[in-house]
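The values are calculated or read from the model by the stated rules, or taken from the named source; none is laboratory data. Everything numeric in this text was worked out from a predicted model, so none of it was measured. Cβ placement follows ideal geometry from the backbone for every residue including glycine, while neighbour counts extend to all protein chains displayed. The area values use the complete protein model at the heavy-atom level, side chains included, leaving out ligands, DNA and RNA. Shrake-Rupley method; radii C 1.70, N 1.55, O 1.52, S 1.80 Å.
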Amino acid sequence: MVENRPWLTVIAHVVLLLGLLITAFPVWLTFVASTHEGTALTQFPMPLWPGSHFLDNYGTILFSGAKAAGGQPVLLMLGNSLIVALGIAVGKIAISIIAAYAIVYFRFPLRQTFFWMIFMTLMLPVEVRIMPTFEITANLGLLNSYSGLIVPLIASATATFLFRQFFLTIPVELVEAARLDGAGPIRFFRDVLLPLSRTNIAALFVILFIYGWNQYLWPLVVSTDPSLTTIMTGINALVRVPDSEPQWHLLMAMSMLAMLPPILVVVVMQKLFVRGLVETEK
Amino acid sequence: MATVDFIGVEKTYPNGHKAIHGINLNITDGEFVVLVGPSGCGKSTLLRMLAGLETVTGGEIRIDGKVVNRLEPADRDIAMVFQNYALYPHMSVRENMAYGLRNRKTPVDVIEKRVAEAAKVLGLEGMLDRKPKQLSGGQRQRVAMGRAIVREPKAFLFDEPLSNLDAKLRVQMRVEIRRLQRELNTTAIYVTHDQVEAMTMADRLVVMRDGVAQQIGRPLDVYAKPRTTYVAAFIGSPGMNLLEGVISADGSAVVLGKNGAMGRSIALPVARPGETGRPVVLGIRPEHLLINPQQGDTVEVRSVLTEPLGADTIKYTLLPGCGQSLTVRLPGTHPSGDTDVLAVGFDPAHLHLFDEATGLRLED
């Protein structure tokens, strides 16, 4: 909208600022809480400015962990979460781009049936099929392993569907030109399809990384080994410590740390895929 | 550098639709053949069958005498230029041109040499590192040509390559493609719906309709002696005037109008005795109509619209009484009195006669 009304501009900015304050305030409180002693947070009023225990709190949880919750250092949890999230994101992209390639470019019997079967699993989230999935994972002996955390979450109807829709927009002539240029299926995939999908891959990676990072229920179910604790299950474990008060200062520090990697991924990848978009737009 | 032969080539789609009905065509080495026809006539299908992008369901296609029906496109040693260019958007001009050669394991120095040569011929030297998106339509078209040239194929296939360009550029590229093809002396098969492109570029024309080759011949032969009314109307801009009529009682003239209803008769150069009353279609090209001729019969027509083209003027007129239209091409400029009444004479040397039922040309 190109309108020149000073009043509208002022109102728009006020609304935006209010919205920003409302969304940013809890995050600020989290940060503030993570820099105080545990006792400071149970008193009234709650502090609104950072305290002096920043290094103490973060040092404690990063390297030795909260005693009450089994004492796993958060660094280990972050590492586990990173492995799981990367595994899920990369695995999902790899599997679904290949599946979409097969569905779009190859004529084989029951092609449509396969597509709709994949599509239908969209309607069944992890929570719904958690029992059979657990059963299979257990039978395969994947409990308490990284594979068990990652593999069952890799199949992705959403990503397959997105890649399929993207491949359908690629002109047929490009495929034909590649055939005339002597590019077989694998060469075409590697030399033409993959480079063209770069922006889609980047966008999906962001979404899927966060999806993997935020997994809570599955890691909780499939792993009992403390050394495999992910950050999300770790945080929750600290909330529900029996027979003691929640250690809010440590909990908040953990939350702050848990937020960082997804933010980092968004910031870094956004640059990448915005650049990609600009390039193709030219 | 090759001959291409179509022998009874047919195409039937799995749904039973028959797109190509037995095409026979022998293309000699270095020849430029244009397949022309309206959209849906099967010309692109035929080209794509030659390229290997469509299967052949009947007959044989041979390149250099070798049957290629079952060969993969890449193994037929042909290069194709598509209407939308089909350049790889993420590759530079250089990579686009080199891609086919790289897949063929051509040595790097040979690739570089050929790309450099092609770029020089096509005037793309300064643009080798640009992406297709950074090029204009004409430049992209040239890159697509370059991709074909570097392969040094047995034949070039063009699928309406100029349709996406503006009119002026189209004329320029038309000349350029023809010049290039002559220089390289490579067999070329070119598909277009534009009869001007077809006339100007072709060594030989194939006029197609509904999967049938209506006429195959040199452009001027096709122009001078169209084999059917369809070809007569399609080739030439504007197309030939086609008027219904019947052979007169003595066979020396055609009486215009359905069943001769108009009453006007046009004398034939050669009498056709014994065909009295036969329904025919009389054809005459717009430039062969004479205004106010010194001798011979004339027909009075009413001008509906005048198109001044500069070099000549096109008048669209109506024959009184029967509602048939007649297009007249006059050399030079003429005042555009839109509702003039003109006395038009038919040049007997340039009359064409077709059978009304079959549309086939009636020879003298």
Using the per-residue mean of other Cβ atoms lying within 10 Å as a proxy for protection, in what order, highest first, do the peptides B:29-41, A:252-264 fall?
-> B:29-41, A:252-264
With no solvent term and unit scatterers on the alpha-carbon positions of the range B:1-96, Debye gives log₁₀ I(q)/I(0) at q = 0.15, 0.17, 0.18, 0.25 Å⁻¹ of -0.66, -0.82, -0.90, -1.42
Semi-axes (Å, rounded, descending) of the ellipsoid equivalent to the range B:103-211 per its C-alpha gyration tensor are 26, 17, 12
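Would you mind telling me the antiparallel percentage of the DSSP bridges in chain B, rounded to 5?
Numbers: 57 of 75 bridges.
DSSP beta bridges in chain B are roughly 75 percent antiparallel.
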Kirkwood Rh, angstrom, the protein assembly as shown [1 / mean 1/r, Cα pairs] | 31.7
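Enter the mean projected area of the convex hull around the alpha-carbon atoms of the range A:6-65, in nm², rounded to one decimal.
Values: hull surface 22.6 nm².
Convex hull of Cα atoms, orientation-averaged projection: 5.7 nm².
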Mind checking the angle between helix B:108-122 and chain B's longest principal axis? C-alpha axes, 0 to 90 degrees, to the nearest 10.
-> 30
For the charge dipole of chain B, defined by +1 on Lys and Arg C-beta atoms and -1 on Asp and Glu C-beta atoms about the Cα centroid, which residue among B:S325, B:G8, B:G137 has the Cα displaced farthest towards the positive pole?
-> B:G137
Taking alpha-carbon centroids only, the range A:91-138 lies from the range B:255-294 a number of Å equal to 72
Computed from the beta carbon distance with a Förster radius of 22 Å, FRET efficiency for A:I186 and A:T113 to the nearest 0.05 stands at 0.30
Once you've got the GNM for chain B with C-alpha springs shorter than 10 Å, pick whichever of B:V344, B:V301, B:V108 has the biggest mean-square fluctuation.
-> B:V108
Signed unit charges on C-beta, dipole axis of chain A, positive-most listed residue A:V104, A:L17, A:V90 = A:V104
From other protein chains only, count the Cβ atoms within 10 Å of every residue's Cβ in B:85-92, then give the mean.
-> 6
Binning every alpha carbon pair distance of the range A:156-224 at 10 Å from zero, what are the percents per bin?
-> 17, 37, 24, 14, 7, 1
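Rounded, prolate or oblate, given the Cα gyration tensor of the range A:1-146, with a/c below 1.5 counting as rounded?
Numbers: a/c = 3.16, a/b = 1.33, b/c = 2.38.
It comes out oblate by the Cα gyration axes.
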Given R₀ = 51 Å, FRET efficiency for A:F31-B:E72 by Cβ-Cβ distance, to 0.05?
-> 0.25
Eigenvalues of the alpha-carbon gyration tensor of the range B:188-264, times 5 and square-rooted, give semi-axes in Å, largest first, of 31, 11, 11
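Normalised radius of gyration for chain B, please: alpha carbon Rg relative to 2.2 N^0.38 Å, two decimal places. Display every interim value, and only then the final one.
Details: Rg = 24.5 Å, N = 364, 2.2 N^0.38 = 20.7 Å.
That ratio works out to 1.18.
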Cleavage-rule hits (trypsin sites (Lys or Arg not before Pro)) in the range B:31-116: DSSP loop, at most 14 neighbouring Cβ within 10 angstrom | B:R70, B:R104, B:K105
Between the alpha-carbon centers of the range A:5-49 and the range B:8-66, tell me the distance in whole angstrom.
-> 72
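Let me check against my output: what whole-number percent is the relative contact order of chain B, with C-alpha pairs under 8 Å and at least 6 apart? Write out the running numbers ahead of the final one.
Working: 783 pairs, mean separation 53.9, N = 364.
Once divided by the residue count of chain B, the mean separation gives 15 percent.
Any chance you could run the full-extension gain for B:L360 through B:E10? It's 0.36 nm times the residue separation minus the Cα-Cα distance, nm to one decimal. Before the final figure, lay out the partial values.
Numbers: separation 350, 0.36 × 350 = 126.00 nm, distance 2.32 nm.
Stretched out fully, the B:L360 to B:E10 stretch lengthens by 123.7 nm.
Quick check on the range A:68-281: take the gyration tensor over C-alpha atoms, sort the square-rooted eigenvalues as a ≥ b ≥ c, and tell me if it's rounded (a/c under 1.5), prolate or oblate. Mind dumping the intermediate values first?
Working: a/c = 3.06, a/b = 1.81, b/c = 1.70.
In terms of gyration-tensor shape, prolate.
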In whole Å, what is the distance between the alpha-carbon centres of the range A:152-231 and the range B:296-364?
-> 65
Size of the dipole of the range A:68-281 about the Cα centre, Lys and Arg at +1 and Asp and Glu at -1 on the beta carbon, nothing else charged, in debye to 20?
-> 440
Place +1 on the Cβ of every Lys and Arg and -1 on the Cβ of every Asp and Glu in chain B, take the dipole about the Cα centre, and give the residue among B:L46, B:T358, B:G274 whose Cα lies farthest towards its positive end.
-> B:L46
Over all residues in A:178-191, what is the mean tally of Cβ atoms on other chains that come within 10 Å of each residue's Cβ?
-> 6
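For the pairing of chain B with chain A, what total accessible surface becomes buried, with a 1.4 angstrom probe, in square angstrom to the nearest 100?
Roughly 1900 Å².
Would you mind telling me the antiparallel percentage of the DSSP bridges in the range B:126-242, rounded to 5?
Working: 5 of 10 bridges.
Roughly 50 percent of the beta bridges in the range B:126-242 run antiparallel, per DSSP.
What is the antiparallel percent of DSSP beta bridges lying wholly in the protein assembly as shown, to the nearest 5?
On the way: 57 of 75 bridges.
Of all bridge pairs located within the protein assembly as shown, approximately 75 percent are antiparallel.
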Of the DSSP H helices in chain A, those whose Cα atoms cover at least 15 Å axially and whose Kyte score averages 1.0 or more = A:6-33, A:74-105, A:198-213, A:248-281
With runs of 4+ DSSP H residues as the only contributors, calculate the mean residue ellipticity of chain B at 222 nm using -39,500 (n - 2.57) per run, divided by the residue total and rounded to the nearest 500.
-> -7000 deg cm²/dmol
From the cross-link list B:K43/B:K131; B:K11/B:K105; B:K133/B:K168; A:K92/B:K131; B:K18/B:K43; B:K105/B:K154, which pairs have alpha carbons spaced over 23 Å apart?
-> B:K43/B:K131; B:K11/B:K105; A:K92/B:K131
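Can you tell me the FRET efficiency between A:T133 and A:V267 if r is taken as the Cβ-Cβ distance and R0 is 41 Å, rounded to the nearest 0.05? Can you show the working numbers first?
Values: r = 33 Å, r/R0 = 0.81.
Plugging the Cβ-Cβ distance into 1/(1 + (r/R0)^6) gives 0.80.
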Might you tell me the accessible area per residue for the range A:76-192, computed with a 1.4 Å probe and given in Å²?
-> 51
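Under the definition of Cα pairs under 8 Å and six or more residues apart, what whole-number percent is the relative contact order of chain A? Walk me through the intermediate numbers first.
Details: 275 pairs, mean separation 83.6, N = 282.
Result for chain A is 30 percent.
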For the Cα atoms of chain B, what angle does the longest principal axis make with the long axis of helix B:167-184, in degrees from 0 to 90, nearest 10?
-> 60
Mind checking which aspartates and glutamates have their Cα closer than 15 Å to the Cα of B:K113? Skip sequence neighbours fewer than 8 apart in that chain.
-> B:E95, B:E125, B:E152
In vacuo Debye sum over C-alpha of the range B:232-364, base-10 log of normalised intensity I(q)/I(0) at q = 0.13 Å⁻¹, listed in q order, is -0.52
